[in-house]
Amino acid sequence: MNPVKTYTVDEATRKLENYCAYQERCHKEVRQKLRDMRMIPDAIDHIIHHLLHHDFLNETRFAQAFARGKFKTKKWGKHRIVRELKFRDISAYNIKKAMEEISEAEYYKTFHELAEKRMKQLERETNLQKKRKKLADYLLYRGWESNLVYEKVRELTA
């Protein structure tokens, strides 16, 4: 049988410094990683304090990077980004700061490009209702605001 790997507080601290340096992490991910390493609650608190104090862990920075990344690479709308940040227990203040990372102009430009690209993919669909539903579902799933989505669906299928 395989013995369970155990870590000293110093070993775990170094491992988590590398984990956080590799990419931005939220508190929830770090706490889970430490639990998976079978660290005791006091050690977890000590290590998280160390990571915060030495700026390896910064929830504001994480939220901003997350929002920028998901918007630019996955073309997520604000609703999806906010929902995912809330799921990671990010504070309302940090969510607000993260949403400021996305410029309004870039947001609408991306939305229109995404909608038009999806509309081209749906060219073969002859049933107008199905086409409208597929376009709306696609955009809503990605977290775009429903008023924008239904307005764009009407515009593109008129």
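Numerical summary
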{"quantity": "Failed condition for R38, given (1) over 25 Å from N147 (Cβ atoms); (2) in a helix (DSSP H, G or I)", "calculated": "(2)"}
{"quantity": "Test: residue in the range 63-78 that is in contact with a His (Cβ under 8 Å, 6 or more places away or on another chain), crowded, with 20+ Cβ neighbours inside 10 Å and either touching a residue at least 24 places away in the same chain (Cβ under 8 Å) or within 15 Å of R25 (Cβ to Cβ) (or both)", "calculated": "no"}
{"quantity": "The listed residue being assigned by TED's automatic domain parsing to the domain that holds G69 and either in a helix (DSSP H, G or I) or among the aromatic types (F, W, Y) (or both), out of L85, L139", "calculated": "L85"}
{"quantity": "Per-region count, the range 1-22, residues surrounded by 17 or more Cβ atoms within 10 Å (Cβ to Cβ) and of a type outside the set (F, W, Y)", "calculated": "4"}
{"quantity": "Qualifying residue in the range 111-119 (condition: more than 19 Å from F71 (Cα to Cα) and either of a type in the set (D, E) or in a helix (DSSP H, G or I) (or both))", "calculated": "yes"}
{"quantity": "Selected residue (criterion: surrounded by the fewest Cβ atoms within 10 Å (Cβ to Cβ)) from residues of the range 23-55 that are of a type outside the set (D, E, K, R) and closer than 30 Å to E104 by Cα", "calculated": "Q23"}
{"quantity": "Top-ranked residue of the range 128-158 - restricted to ones that are out of contact with any Gly (no Cβ under 9 Å at 6 or more places or on another chain) and of a type in the set (A, V, I, L, M), ranked as modelled with the lowest pLDDT", "calculated": "A158"}
{"quantity": "Checking R142 against (1) under 19 Å from the mean Cα position of the chain (by Cα); (2) loosely packed, with under 15 Cβ neighbours inside 10 Å; (3) among the charged types (D, E, K, R), the condition it does not meet", "calculated": "(2)"}
{"quantity": "Residue list for the range 1-25, filter: in a loop (DSSP other than H, G, I, E, B), at pLDDT 95 or above and among the basic types (K, R)", "calculated": "R25"}
{"quantity": "One residue from E113, E104, E125, E151 being loosely packed, with under 11 Cβ neighbours inside 10 Å and without any contact (Cβ under 8 Å) to a residue 12 or more places away in the chain", "calculated": "E104"}
{"quantity": "Residue match in the range 65-83 (condition: under 30 Å from D10 (Cβ atoms) and at pLDDT 95 or above)", "calculated": "yes"}
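The values are calculated or read from the model by the stated rules, or taken from the named source; none is laboratory data. The structure displayed is predicted, hence computed values, not measured ones. Glycine also receives a Cβ, built like all others from the backbone with ideal geometry; neighbour counts cover every protein chain displayed.
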